[in-house]
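Down below is the structure, laid out as structure tokens.
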Amino acid sequence: NVQITNFSTSWCDGLAFCALIHHFLPDAFDYSALTPQQRKHNFTLAFRVADEKAGIAPLLDVEDMVMMRKPDWKCVFTYVQSIYRRFRNAE
């Protein structure tokens, strides 16, 4: 249920990060319970699970992401790239 068309606004509610992490760690949380309105919760969940369960450093700050409706695409791309590097050989 996430439409990703870019590395900025497509990631602004945290659901894309949660979907990406959930794809590789499906037992870590209930993705179906998440809503786009709970932006802070979504970012916190995704970044915490990525850090604690996969060792992916939280390169983005939750408060910064919540403040921005249009995140810096370079920052988002860098974090997504770190997720990719961690899981690229997982499947």
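Residue by residue through the range 22-47, note down the ones that are farther than 19 Å from LEU60 by Cα and hydroxyl-bearing (Ser, Thr, Tyr). Passing the criteria: TYR31, SER32, THR35. Scan the range 1-40 for residues that are out of contact with any helix residue (DSSP H, G or I) (no Cβ under 7 Å at 6 or more places or on another chain) and without any contact (Cβ under 8 Å) to a residue 60 or more places away in the chain and the total you get is 12.
Rule-based calculations on the coordinates, nothing more; no lab input. Being a predicted model, the structure only gives us computed values, none of them experimental. Glycine gets a Cβ as well: all are built from the backbone with ideal geometry, and neighbour counts include every protein chain shown.
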